[in-house]
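Have a look at the structure below before the remarks.
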Amino acid sequence: MRFGTFWLGSCFILRHKAAASGNSGESAVAKGGRSAFERAVPSFFVPAFLLVPCLTQGTLAAQGPRLEIRLGAVASSALARDEVASTLLRQRVGAPVSGGVLAGPRPAPALEMALQLPLRPGLAAELALGYARSPLRVEEAEGGSWEAGNLDVLHGLIGIRWQWRPRVGVSGAFGALRYGADGRSFFAEGGEMNPGIETALDVRLPWRGGRTGVRAFAQVHRFNTPALRRAGAADGGVMRFGVQLTQRFFGGSGA
Amino acid sequence: MSGAFRQVLGVVALAGMGLAGACNAPTIPERRLDDAYAFSLPTAIGDTLVLRWPQGSVVRVWSADTDAGAPLRAAYEAGAALWNARALFGEYRLVAAAAPAEADVLLAWAPGPLPVDTEACPPLTRRGTTTFCLREQDGSKRLDVFPLLGGQASGQVRMLVTFLRESGAPPADLAALVAHELGHVLGLTRHSPNALDLMYESPGMPPTLSLRDAATVQVLYHTRADIVP
């Protein structure tokens, strides 16, 4: 049964001739909004990473640095939420409106490389760089879900590892994470450096000279993007956690 | 290991756990009554229907100006970028189709050759018009498919957007015209009453999406649809 034909048109009037020029207010807002702290984060970490080997120079010759490759899985809490519409707006729409939307990365494989520089017996400075890629999953309160492209997550951390027990180490670190998503979804206007901290526990397995181990970590970081901020979202917090298999490639096998 | 260092580690661990408990993702607050305008399609029998593409879908748009930099193609790319930037949760994505057979939507000049048969669903000749035909089948409402001409394989074109050439030349406000019609393509089937919005019946130049335009399309894509193309 033919229901109808619809023509949705416009009755344009040239109110502003083509002489209008310059940036729109919209793009000006998109470029602003980063705090002094956020701008300072990258300029802090580069010298910090360079400085650590200098500070530990006297001890390196004695114990040597260690390279650790970590392969595992990472999961995350939600990155963003949308409350959609007020009660009055829902009433005016006259059709069921979602009660809310959540978006976050799906659990994914993650790779990390860490350089450990012994400071003294049982204590090491640690520089770590990690990468993970996972689909960005969106879920509505009513149960609908879809994927909105892929997320790339890069992190850089600097911290300290303490050999707590003969085969058990604990560590704490701080650093920054950066998300990217091909300029889609709430990354349409780019991403930001997000400062964060990490705590971790690692256990050396009793074979292969203790070079293989298992590590569990939890990271907490601040999160927002220019597009979310423009839509009215304040900065929030995100938690990432995961488990890794670790392998040391040179340097000592113990603490 | 010094006691001080243990205390530092303890503090870091406690801070991590505390922050984890306080984790609250950035939240876009609910849009209020004045933040959005009506978007549902009024029908001849007096009710309204919500039309939108399925969440997470890619809407393929073919432009009659196939050369990069040609007026219609350039206007389409600018307009699609405006709307795509407001799909904050990837609800839709307008992408260029390489051929009419791959397209969901056609952009074309009027008068001008069309790659589809419009006899059953003819477009109006106005400055900018989005045309689609609704069919009820098995209790659900769908958009008719415009059959492709020239014996091509069955296409999936469900919307036809035509633009009137003035004295054979593209209109000066083509960019605004195309961006506005793409709003209709996405499901904003009504005009905004506010002259500052792109979906006002005669939007200004250069085309920009107002906060109301952005909020309205975001609410639309989280409203249950009556018609899914």
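Just so you know, all these numbers are worked out from the coordinates, no wet-lab data involved. Keep in mind the model is a prediction, meaning the values are calculated, not measured. Because the Cβ atoms are built from the backbone with ideal geometry, glycine has one as well, and the counts that use them run over all protein chains shown.
Quick notes on this structure:
- Hits in the stretch B:97-115 - residues which are in contact with a helix residue (DSSP H, G or I) (Cβ under 7 Å, 6 or more places away or on another chain) and either part of a loop (DSSP other than H, G, I, E, B) or more than 19 Å from B:R165 (Cα to Cα) (or both): B:V105, B:P115
- Members of the stretch A:158-202 that are among the hydrophobic types (A, V, I, L, M, F, W, C), farther than 22 Å from B:P26 by Cβ and surrounded by 15 or more Cβ atoms within 10 Å (Cβ to Cβ): A:I158, A:I160, A:W162, A:W164, A:V170, A:A173, A:A200, A:L201
- Figure legend. Inter-residue proximity from the stretch B:123-140: first residues within 7 Å of another protein chain (Cβ to nearest Cβ) and among the basic types (K, R), second residues surrounded by 15 or more Cβ atoms within 10 Å (Cβ to Cβ) and in a strand (DSSP E or B), beta-carbon distance below 6 Å, spacing 6+ or different chains. Indicated pairs: B:R126/A:G9; B:R127/B:L164; B:R135/A:F3; B:R135/B:R142.
- Top-ranked residue in the stretch A:203-215 [being surrounded by fewer than 23 Cβ atoms within 10 Å (Cβ to Cβ) and of a type in the set (K, R); ranked as farthest from A:R137 (Cα to Cα)]: A:R208
- Cβ pairs under 9 Å, 6+ apart, first in the stretch A:85-109 and in contact (Cβ under 8 Å) with a residue 12 or more places away in the chain and farther than 13 Å from B:T223 by Cα, second assigned to a loop (DSSP other than H, G, I, E, B) and among the polar types (S, T, N, Q): A:G104/A:S77
- Tabulated pairs, the stretch B:56-71, first basic (K, R), second assigned to a strand (DSSP E or B), C-beta under 7 angstrom, 6+ apart or interchain: B:R60/B:V95
- Residue among A:G196, A:G209, A:G242 that alone is touching a residue at least 40 places away in the same chain (Cβ under 8 Å), in a strand (DSSP E or B) and more than 11 Å from every other protein chain (Cβ to nearest Cβ): A:G242
- In the stretch A:62-104, the residues that are at the interface with chain B (Cβ under 9 Å from one of its Cβ atoms), of a type in the set (A, V, I, L, M) and touching a strand residue (DSSP E or B) at 6+ places or on another chain (Cβ under 7 Å): A:A78, A:L79, A:A80, A:V84, A:A85, A:L89, A:V93, A:A95, A:V97, A:V101, A:L102, A:A103
- Inclusion of B:R142 among residues that are among the basic types (K, R), in a strand (DSSP E or B) and within 18 Å of the chain's Cα centre (by Cα) is warranted.
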